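All remarks here apply to the structure that follows.
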Amino acid sequence: MAIPTPEEKLKVIVVGAGICGLACGAALREFADVTILESVAEIKELGAAVHLAPNAHRLVQNWGGDLYQYGSVPNRNVREYTKGGHIKYDIPVDTMAEFGVEWILCHRVDVQAELHRLATRPDGPGEPAKVVLNSRVVGCDPEQGTVTLKDGTVMTADVIIGADGIRSAVRAAVNPVFSSFPSMHSAYRFLVPVEKINAHPDLVELGTVEALTIIDGIDRRIIAYPCRNKTLVNFIVCLPEEIGLWQLRDQEPLNQWAKGRVIIVGDSAHPMLPHQGQGAAAAIEDAEALGYVLRNATREQVPEALQRVFRLRYRRATMVQQASRAAGLGDMLKKASGFEGGELPQEFSNVMKFRQFNMSYLGAEDWEKNHEEWVLPESAVLNGVLVA
Ligand SMILES: Cc1cc2nc3c(=O)[nH]c(=O)nc-3n(C[C@H](O)[C@H](O)[C@H](O)COP(=O)(O)OP(=O)(O)OC[C@H]3O[C@@H](n4cnc5c(N)ncnc54)[C@H](O)[C@@H]3O)c2cc1C
């Protein structure tokens with residue numbers, strides 16, 4: 001691609017400097033002038049971990065990312081215990097051999113820091129993205145291409161990307177019908193220093209193995225894995241809602257992600273339950289797809305390019321969203337469906353069986369060219385809304 005002149009460069013505003021917004025910075029900076037508006041005064045991620053399967057780790061690596069520098073741990077095993085302590089399965093993992101990339105266990109702070117570095121480093125491609133803190137967006141106009149900040153400032157851009165999470169302010173301008181509902185479950189996440197784990201002989205393994213360990217009860221589940229050079233062990237505890245720690249909310253797929261010059265991506269477009277550990281991965285995939293499509297778009301072509309991103313991403317993101325629901329506690333499989341309401345294949349509720357679909361993803365270009373059945377045809381979308 002010819003390097004765009006400053007006049008030709010697309011001006012992009014990204015709302016939200018979470019995993020998705022920063023990934024957009026990394027994906028677009030080569031050819032666009034990117035400003036990321038973030039509501040908080042300081043980027044501070046929650047003290048918890050996140051595992052990035054090869055589909056997302058591959059894209060971060062393609063941007064020049066290196067999560068090993070933070071002590072991220074490759075996952076070598078997935079095993080599940082019954083609540084009585086009996087092993088249900090113990091599956092060796094070698095995603096390097098299977099998919100050419102490691103499945104990696106990371107501290108969330110480190111993923112965010114690495115994406116921030118990729119978006120803003122002075123020696124990266126194009127110009128560094130600008131991250132502007134203390135900038136809460138309260139509204140946007142898809143036709144004019146403007147966002148309005150809480151202090152009344154109005155900013156204009158060729159592209160506005162709503163990467164502002166499940167409580168998105170941008171979403172209302174694109175698809176006001178969104179409503180989430182209780183999933184009937186709660187999740188609680190925490191990190192424990194490995195010394196504390198090692199003080200309990202029964203638990204020592206959790207801090208020493210490079211594995212994702214699942215302990216499954218009838219209506220509850222614990223997932224544990226190490227991160228940061230195995231100095232910390234991350235726990236996610238999923239519980240019936242009545243225990244009431246942190247409610248996990250669920251939502252149906254949205255039939256429109258883009259309108260005019262605005263698109264919503266990441267949790268703003270397709271928030272999902274955490275049971276496949278793929279929400280951040282899908283957000284990173286969205287960012288890469290925006291980079292692929294917008295790279296060759298002119299200002300005039302932006303509205304159509306954003307619709308193409310929707311068509312490219314909708315079925316895959318929806319399938320992962322539904323599979324995440326299906327892998328939930330109890331009878332959640334019954335509440336999941338295929339990407340357009342069809343049946344969800346049973347095996348999609350199992351993280352290891354679903355891995356081929358998740359982990360073999362190579363990026364938007366390959367998806368568009370070689371996985372046509374997963375891309376919405378133009379005829380399925382009328383005025384930006386999925387009609388099929
Ligand atoms: C228990 C649990 C475990 C999980 N584990 C995994 C895992 O192992 N692997 C995985 O891939 N995913 C996992 N996920 C999912 C993952 O955390 C999310 O999907 C991901 O963080 C979404 O990123 P995002 O950038 O779209 O949204 P967010 O992370 O919510 O970021 C949104 C950003 O926008 C900012 N913002 C919000 N509103 C405004 C506004 N009006 N103006 C300006 N800025 C605004 C926010 O401050 C924030 O910085 C898990 C989720 C949960 C709940």
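Every number here is computed from the coordinates shown, using simple stated rules; none is lab data. On a predicted model such as this, the values are computed, not experimentally measured, just so you know. Backbone-built Cβ (ideal geometry, glycine too); neighbour counts: all protein chains shown.
Under the Kirkwood approximation for Rh and a Cα-based Rg, what ratio Rg/Rh is obtained for segment 190-229?
We get a ratio of 0.98 for segment 190-229.
Take Ser379, Ser360 and order them by how many other Cβ atoms sit within 10 Å, fewest up front.
The most exposed by this proxy come first: Ser379, Ser360.
I want to check a number: in the chain, how many lysine pairs have alpha carbons closer than 20 Å, given a sequence separation of 8 or more or different chains?
Pairs that pass both the separation and distance tests number 9.
Return the distance in nm (one decimal) between the two label points of a simple spin-label model at Glu205 and Asn62, each offset 7 Å from Cα along Cα→Cβ.
That separation, rounded to one decimal, is 3.7 nm.
For segment 62-173, max minus min Cα coordinate along each principal axis, in Å, sorted largest first?
Reported extents, whole Å, longest axis first: 59, 39, 24.
Based on the alpha-carbon gyration tensor of segment 29-75 and its eigenvalue square roots a ≥ b ≥ c, which shape applies: rounded if a/c is under 1.5, prolate if not and a/b is larger than b/c, or oblate? Don't skip to the end; give the middle numbers.
Values: a/c = 2.49, a/b = 1.23, b/c = 2.03.
Verdict is oblate for segment 29-75.
Suppose we flag GluC sites (Glu not before Pro) only when DSSP calls them loop and at most 10 other Cβ atoms lie within 10 Å. Which is the longest uninterrupted stretch of the chain?
It runs 43-299.
Among 246-254, 320-328, 179-187, what's the highest-first ranking by average C-beta atoms within 10 angstrom per residue?
The most tightly packed comes first, giving 320-328, 246-254, 179-187.
So, in Å, what gap is there between the alpha-carbon centers of segment 233-307 and segment 363-388?
About 16 Å separates the Cα centre of segment 233-307 from the one of segment 363-388.
For segment 238-313, with only Lys/Arg (+1) and Asp/Glu (-1) charged at the beta-carbon, what is the dipole magnitude about the Cα centre, in debye rounded to 20?
The dipole of segment 238-313 has a size of about 500 debye.
In percent, how large is the relative contact order of the chain, given Cα pairs closer than 8 Å and 6 or more residues apart?
Relative contact order here is 19 percent.
Take the alpha-carbon centre of segment 37-76, take the same for segment 159-199, and report the distance between them in whole Å.
16 Å
Counting only Cα, what are the radius of gyration and maximum Cα-Cα distance Dmax of segment 88-140, in Å?
18.0, 51
Could you tell me the largest-minus-smallest coordinate of the C-alpha atoms of the chain on each of the three principal axes, in descending order and whole angstroms?
64, 45, 42
Translational diffusion coefficient, Stokes-Einstein: compute it for segment 122-194 using the Kirkwood radius over C-alpha pairs as Rh, at 37 °C and 0.692 mPa s, and state it as an integer in µm² s⁻¹. Please report the intermediate quantities before stating the final value.
Working: Rh = 15.6 Å.
Estimated diffusion coefficient is 210 µm²/s.
Calculate, in nm to one decimal, what Lys196 and Gln144 gain on full extension: separation in residues at 0.36 nm each, minus their alpha carbon distance.
Taking 0.36 nm per residue and subtracting the Cα distance, the gain is 13.2 nm.
Filter the DSSP H helices in the chain by two things, a Kyte-Doolittle mean of at least 0.5 and an axial alpha-carbon span of 27 angstrom or more, and list the hits by number. Each step should come with its number before you reach the end.
Numbers: long enough: 302-326 (35 Å, -0.53).
Qualifying helices, which must be both long enough and hydrophobic enough, do not occur.
What is the fewest-to-most order of Asp267, Asp219 by other Cβ atoms lying within 10 Å of their Cβ?
Working: Asp267 23, Asp219 13.
With the sparsest Cβ surroundings first, the list reads Asp219, Asp267.
Taking neighbour counts of Cβ atoms within 10 Å as a proxy for exposure, in what order, fewest first, do Tyr314, Tyr89 appear?
Tyr89, Tyr314
I need the phi-derived Karplus couplings for segment 185-200: 6.51 cos²θ - 1.76 cosθ + 1.60, θ = phi - 60°, integer Hz, Gly and Pro marked x.
Calculated HN-Hα couplings, in order: 9, 10, 9, 10, 10, 7, 10, 10, x, 4, 4, 5, 5, 5, 6, 10 Hz.
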